[in-house]
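The values are calculated or read from the model by the stated rules, or taken from the named source; none is laboratory data. Note that the structure is a prediction, hence the values are computed from the model and not measured. Ideal geometry is used to build each Cβ from the backbone, glycine not excepted, and the neighbour counts take in all protein chains shown. Heads up: the accessible areas ignore ligands, DNA and RNA and are worked out on the full protein's heavy atoms, side chains in. Shrake-Rupley method; radii C 1.70, N 1.55, O 1.52, S 1.80 Å.
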Amino acid sequence: MKKTAIAAFTIALLTATACSNKQAEQTESVSETQVSAVDPGEGFQATTNIRYVDLDSIGEHYYLAKDVQEFTLKTYAELDQAQRTRAAEIQRFAVQVDDKVKSNGYLSEASYNADMQKLQKMQTDAQNALQALQNKAERELAMQNQQLNDSIQSYLVEFNKTRHYDAILIKATGLYFNPALDITKEVIEGLNARYNKVK
């Protein structure tokens, strides 16, 4: 009976060992598969050499960004002024036509129709002129914003030639960044140092 119990125990032990070895081999096989499935690229080494910048701060403190913002506000103010000026001209003429109708100032239907056509032309001309101004403003604003983006991008490329970061991220795109990785202030100082305002 003792021999049977020892034999059963030995079989159970061997089975457990075999299962354990098989499971370990499967785990190693899965690990090797997972590792080999990732092609990191030639010369790649995993690092955490990453930094981030806060674009809102750059927008507030980079001189070019401030100039673009000022240009944007000025452009929209000019558009608003042009719209109000045209609207006032049209409104004045519409009031004149209305007063003329009320005071029986039109001697013929033809003269009334001529003024109504003039009013419609004023409205069409104003709409076309304002649309042309808006299109021009949008093109200029797009160029200014492109210049701003290009300036920041090209500076970061030059900046990183001496830092050798693996990535420079934008703070707004992440959920959490260690504040020690923030290089915004240094980037703003560099951007402003190389900025030459064109009058």
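If R0 is taken as 30 Å, the Cβ-Cβ distance between PHE71 and ALA114 corresponds to a FRET efficiency of 0.10.
A cut-off under 12 angstrom between Cβ atoms defines the neighbours of GLN131, and their net charge, with Lys, Arg +1 and Asp, Glu -1, is 0.
Given +1 at the Cβ of Lys and Arg, -1 at the Cβ of Asp and Glu and no other charges, the dipole of segment 64-199 around its Cα centre is 200 debye to the nearest 20.
Annotation: per residue accessible area for segment 90-135 equals 74 Å², rounded to a whole number [probe 1.4 Å, protein chains only]. Computed from phi, the 3J(HN,Hα) profile of segment 89-105 under the Karplus parametrisation 6.51, -1.76, 1.60 (θ = phi - 60°) reads 4, 5, 4, 4, 5, 4, 5, 4, 4, 4, 4, 5, 5, 5, 9, 6, x Hz, with x in place of Gly and Pro.
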